[in-house]
Amino acid sequence: MDAVGRLKEKGVKVIFVLGGPGSGKGTQCANIVRDFGFTHLSAGDLLRAEIKSGSANGTMIQNMIKEGKIVPSEVTIKLLEKAMLENGNYKFLIDGFPRNEENRAAFEEVTRIEPEFVLFFDCSEEEMERRLLSRNQGRDDDNIETIRKRFKVFLESSLPVIEYYNAKNKARTVDAARPINEVFESVKIAFSSFDKKVHIE
Ligand SMILES: Nc1ncnc2c1ncn2[C@@H]1O[C@H](COP(=O)(O)OP(=O)(O)OP(=O)(O)O)[C@@H](O)[C@H]1O
Ligand SMILES: Nc1ccn([C@H]2C[C@H](O)[C@@H](COP(=O)(O)O)O2)c(=O)n1
Ligand SMILES: [Mg+2]
């Protein structure tokens, strides 16, 4: 059986987590992992790890991230598939993917996995810019020049993907401009069909 077949046998469940740069995807994914037992896979984190690993694609990925561009789907999808297979879980939050129509169509063609829904964090550019400029995680792309390029790519390439899922009634939009705990209250409503994890002290 191939990799995707093995995931499907486990009853794989995928939620795509989308939103502009700095909208709070990673922050809210950590909350969802804690309370709903999902595994968080950030496409951006996987690409950054690939650069650090010294892979043959490292320099190409680094250059594209610095320019705020989207890495070719075949590279990102291979990393996502590998991460899903290496993980014992069957419930995944795929953060920052699909980022454009090419990502979306390629994932569908390669995996035939349809997301349960798409969580969309809606936030103004002004607020996202403020957050990114004070994030302080040493990311190469958190400088004003690259941030502006990332916003442009988000508007031109990523928003159409969200509109695609919206038209299929699969997008769940959350107002992400509010404080973290308020955003999570709305996220929890989107996840209400999933069992909550019981935390024992
Ligand atoms: N609701 C919020 N209110 C204020 N600050 C927030 C909120 N959510 C996240 N932040 C902060 O904003 C910054 C960006 O958040 P985060 O890294 O979660 O965004 P992201 O959507 O994953 O961004 P990227 O697309 O660049 O990876 C972080 O410093 C985080 O602590
Ligand atoms: N599907 C993806 C996701 C991310 N990237 C690249 C380009 C992004 O600007 C960068 C950082 O992603 P983030 O951590 O902000 O989600 O990674 C991509 O090419 N394709
Ligand atoms: Mg992130």
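The values are calculated or read from the model by the stated rules, or taken from the named source; none is laboratory data. In this text the structure is predicted, and so the values were computed from the model without any measurement. Cβ: placed from backbone, ideal geometry, glycine included. Neighbour counts: every protein chain shown. For accessibility, only protein heavy atoms count, side chains too; no ligands or nucleic acids. Shrake-Rupley method; radii C 1.70, N 1.55, O 1.52, S 1.80 Å.
Which aspartates and glutamates, if any, have their Cα less than 20 Å from the Cα of Lys10, not counting same-chain residues under 8 positions apart? Straight-distance partners of Lys10: Asp2, Glu81, Glu86, Glu108, Glu109, Glu114, Glu116, Asp195.
Annotation for the stretch 2-106: trypsin sites (Lys or Arg not before Pro) lying in DSSP loop with at most 11 further Cβ atoms inside 10 Å of their Cβ do not exist. Within the accessible area of the stretch 1-155, the carbon and sulfur atoms contribute 48%, probe 1.4 Å, all protein chains present. Report D for the stretch 129-198 in µm² per second (integer): Stokes-Einstein, Kirkwood Rh on Cα pairs, 4 °C, 1.567 mPa s. Answer from the Stokes-Einstein relation: 88 µm²/s.
Derived value for the stretch 47-146: Kirkwood hydrodynamic radius 15.4 Å. Basis is the mean of 1/r over every pair of different alpha-carbon atoms. Of all lysines in the structure, the ones whose alpha carbon falls short of 19 Å from that of Lys170, not counting any fewer than 8 places away in one chain, are Lys13, Lys25, Lys91, Lys188.
Looking at the chain, the accessible area is 53 square angstrom per residue; that uses a 1.4 Å probe and ignores ligands, DNA and RNA. Scaled against 2.2 N^0.38 Å for its residue count N, the alpha carbon radius of gyration of the chain is 0.99. Taking all protein chains as shown and a probe of 1.4 angstrom, Thr27 keeps an accessible surface of around 70 Å². Centre-to-centre separation between the Cα atoms of the stretch 1-38 and those of the stretch 152-172: 18 Å. Phi-derived couplings, Karplus 6.51 cos²θ - 1.76 cosθ + 1.60 at θ = phi - 60°, listed residue by residue for the stretch 131-137: 5, 5, 6, 10, 5, 6, 9 Hz, with x used for Gly and Pro. Of all the options Gly20, Gly11, Gly96, the one that moves most in a Gaussian network model of the chain with Cα springs shorter than 10 angstrom is Gly11.
Loop only by DSSP, 12 or fewer other Cβ within 10 Å of the Cβ. Give me the chymotrypsin sites (Phe, Trp or Tyr not before Pro) in the stretch 85-142 that pass, ordered by residue number. Before the final figure, lay out the partial values.
Details: sites: Tyr90, Phe92, Phe107, Phe117, Phe120, Phe121; in loops: Tyr90.
When the chymotrypsin sites (Phe, Trp or Tyr not before Pro) of the stretch 85-142 are filtered for loop state and at most 12 Cβ neighbours within 10 Å, nothing remains.
Within the stretch 145-191, none of the chymotrypsin sites (Phe, Trp or Tyr not before Pro) combine a DSSP coil assignment with at most 14 other C-beta atoms in a 10 angstrom radius. GNM remark for the chain: springs join alpha carbons under 10 Å apart, and the peak mean-square fluctuation among Leu41, Leu155, Leu18 falls on Leu155.
The translational diffusion coefficient of the stretch 1-86, from Stokes-Einstein at 10 °C and 1.306 mPa s with a Kirkwood hydrodynamic radius over alpha carbon pairs, comes to 110 µm²/s. Remark: accessible surface ordering of His199, His40 (largest first) is His199, His40, probe radius 1.4 Å.
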